[in-house]
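Since the structure comes first, as structure tokens, the remarks are kept for the end.
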Amino acid sequence: MTAPRLIAVIDIGKTNAKVVLIDAQTGAQLAARSTPNTVRQDGLYPHADVERLATFITNSLKDIHAEHGVDGISITTHGATGALMAGERLAMPVLDYEHGGPEETSVAYGKVRPDFSESLSPRLPNGLNLGAQIFWQSQVFAERFAEVTAILAYPQYWAWRLTGMMASEVTSLGCHTDLWAPQTGAFSSMVAERGWAGLFPAVKPANSVLGTILPEMAAATGLPETTPVTCGIHDSNASLIPHLGAHEAPFTILSTGTWVIAMTVGGDTTHLDAGRDSLANVDAFGRAVPTARFMGGREFDMLAPGAVEPSAADIAKVIAGDVQALPSFMAGVGPFPGSIGRWTKSPEQLSAGERTAAVSLYLALVTQACLDLAGVGKQIVIEGPLARNALFGQALARLTGVPVSASGDATGTSLGASMLFGGTHATAAPGLQRTPLQAEGFEDYCARWRQRL
């Protein structure tokens, strides 16, 4: 089969869902559609509005194909999400991982989940461990769970909706799920012990073509029935693909969106701390990637509403005035999970530029703490929305002492997912180098921030 050129990427992030068209020969983004990824509050528990997303995906594919043509479809989604199937339907809604339900069975789950030494997956709050979700659903909704015939990670759920074919895939199984053992490349011991092993379809590579679109999808979108669909990939790992083989290892990719996720390819896992939201992700080739993260995008939106580009005067005033945000404003996650977020001075007294400056410096300092756990590569590449935040990149370059670049791509996840088909563009577009921040008093400012933790 000739590799498709025009790749429609279904990119479902925690906050927004997109369908993006990528030219596989150039890596250019040719078209995009976006919608909020809303959570429904009705039914058994808060859950993904999969039917709304299905309509959005169908309409977007139809419009983009009419305007540009579509040769293939690739899929990437956020992690910590799975679909419990009963034959050709959902046995239960797709649980929102921020729901606190799994905490109800946390004590019992703690007795059956694998050790960190096996899974390299820390115990996280709410439903952030997919294994904890499945355990809670199996206990609280036992009658419905008895109907489950297959468990699909979220990218593979959408691949199934498009093709009718079911598969498992390692990047989604390996993102803090407790279901995978990265160092052996197999399901964790818990999967067999809980009797779940037969519920997971065969593992297939993220870059394999799972099948072609169903006739009803072809009719609804106008795409040919021969349109191929990849198995799909976890979004943070999609961000890695344009960089694998393009940089001297070890190197660090910061995948940013709702989460800021630091992944050091070629690093080691010896400094990971199960109590500080650090773990091993699994890349598209099944290799363990030391990772640490925090909900930086969510915090930025909370702490800097109406964000603007801060001026040099804004930055200087924040540093001289010791205006600091201290972790964590999203409880239970990140390198400071037990700390309660606070300001040293009331943010309401700050201008928009000053507030943006303080929050950008905060994100850089928490990111450095993540890199203490995941390791710092010989260079850092920032993907996603924070690539546009110059102060964040400049502060990070000063803090780490290694070159920092901001990706020139609109979205690293969509580009990476498009590359599951191959294509002639081998790497991401060259990034914009961020010069280390030169601001009087910055080192003392950082030292005071650390002392306050």
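The values are calculated or read from the model by the stated rules, or taken from the named source; none is laboratory data. These numbers come from a predicted model, not from an experiment. As a convention, Cβ positions derive from the backbone with ideal geometry for all residues, glycine included, and neighbour counts pool all protein chains shown.
Remarks
- Residue within the stretch 167-176 that is among the charged types (D, E, K, R), on the phi > 0 side of the Ramachandran plot and in the same structural domain as Thr76 (by TED's automatic domain parsing) present: no
- Qualifying residue in the stretch 28-47 (condition: modelled with pLDDT under 95 and either within 18 Å of the chain's Cα centre (by Cα) or assigned by TED's automatic domain parsing to the domain that holds Trp158 (or both)): yes
- Considering the conditions (1) more than 23 Å from Ile12 (Cα to Cα); (2) of a type in the set (A, V, I, L, M, F, W, C); (3) free of Cβ contacts under 8 Å to residues at least 60 places away in the same chain, Val112 is excluded by exactly one of them, (3).
- Filtered residues of the stretch 175-212 (kept if within 20 Å of the chain's Cα centre (by Cα) and not in a loop (DSSP other than H, G, I, E, B)): Trp180, Ala181
- In the stretch 109-149, residue farthest from the chain's Cα centre (by Cα) [restricted to those that are of a type in the set (A, V, I, L, M) and closer than 17 Å to Ala192 by Cα]: Ala146
- Residue check: Thr291 meets all listed conditions (1) in a loop (DSSP other than H, G, I, E, B); (2) within 19 Å of the chain's Cα centre (by Cα) but one, namely (1).
- Number of positions in the stretch 357-390 that are among the aliphatic types (A, V, I, L, M), within 27 Å of Gly338 (Cα to Cα) and assigned to a helix (DSSP H, G or I): 13
- Within the stretch 281-288, the presence of at least one residue that is buried (at least 24 other Cβ atoms within 10 Å of the Cβ), of a type outside the set (Ser, Thr, Tyr), within 15 Å of the chain's Cα centre (by Cα) and not in a helix (DSSP H, G or I) is confirmed.
- Filtering the stretch 217-257 to residues that are assigned to a loop (DSSP other than H, G, I, E, B), touching a residue at least 24 places away in the same chain (Cβ under 8 Å) and touching a strand residue (DSSP E or B) at 6+ places or on another chain (Cβ under 9 Å) leaves Leu223, Thr227, Cys231, Gly232, Leu244, His247, Ala249, Pro250, Gly257.
- Candidates Pro224, Pro242, filtered to the one that is under 24 Å from Ala24 (Cβ atoms), crowded, with 18+ Cβ neighbours inside 10 Å and not small (Gly, Ala, Ser): Pro242
- If you go through the stretch 384-401 and pick out every residue that is touching a residue at least 40 places away in the same chain (Cβ under 8 Å) and surrounded by fewer than 19 Cβ atoms within 10 Å (Cβ to Cβ), you end up with 2.
- Candidates Glu348, Glu299, Glu354, Glu309 - the one that is at pLDDT 95 or above, surrounded by fewer than 18 Cβ atoms within 10 Å (Cβ to Cβ), charged (D, E, K, R) and assigned to a helix (DSSP H, G or I): Glu348
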